[in-house]
Amino acid sequence: MDKKLIFVFLAIALASLLFLPLFTLNQDKEPLFLSSYLSVSPTVEQVKERYESDLLSIDGVVGVGISECEDKFCIKVYLENESPNLKKQIPEQLDGFKIDTQVTGDIQAQPQQ
């Protein structure tokens, strides 16, 4: 076999091994290269949306919103009462965002006019 042909074949094989991570997919169907090196932290809106239904499923949680805590965005969880048992069920943070609780009492939707 010609030495040039062997060299070209080896160069192609090496290049494909080097670039394989660019085309390998993870569970989210994103290239591993992008998810590893270009990872972006979720926004407070994304975190709220991701966990809102879980928080609202806790008996005594009447609302979830976004607020500011110590000049940073945080997740605001509105509680029906100040039960210690209820407060134990609320995490201190979610995906790096602080959770702030506020007792509001029961919240009822007003009828449309």
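What follows is calculated from the coordinates using simple rules that are stated; it is not laboratory data. Everything numeric in this text was worked out from a predicted model, so none of it was measured. So basically every Cβ, Gly included, is an ideal-geometry build from the backbone, and we count neighbours across all protein chains shown.
Of note:
- Among the residues of the stretch 74-97, those identified as surrounded by fewer than 16 Cβ atoms within 10 Å (Cβ to Cβ) and either touching a strand residue (DSSP E or B) at 6+ places or on another chain (Cβ under 8 Å) or farther than 13 Å from VAL44 by Cα (or both) are ASN81, GLU82, SER83, PRO84, ASN85, LYS87, LYS88, GLN89, PRO91, GLU92, GLN93.
- Residues satisfying the stated conditions in the stretch 43-59, i.e. surrounded by fewer than 18 Cβ atoms within 10 Å (Cβ to Cβ) and not hydrophobic (A, V, I, L, M, F, W, C): THR43, GLU45, GLN46, GLU49, ARG50, GLU52, SER53, ASP54, SER57, ASP59
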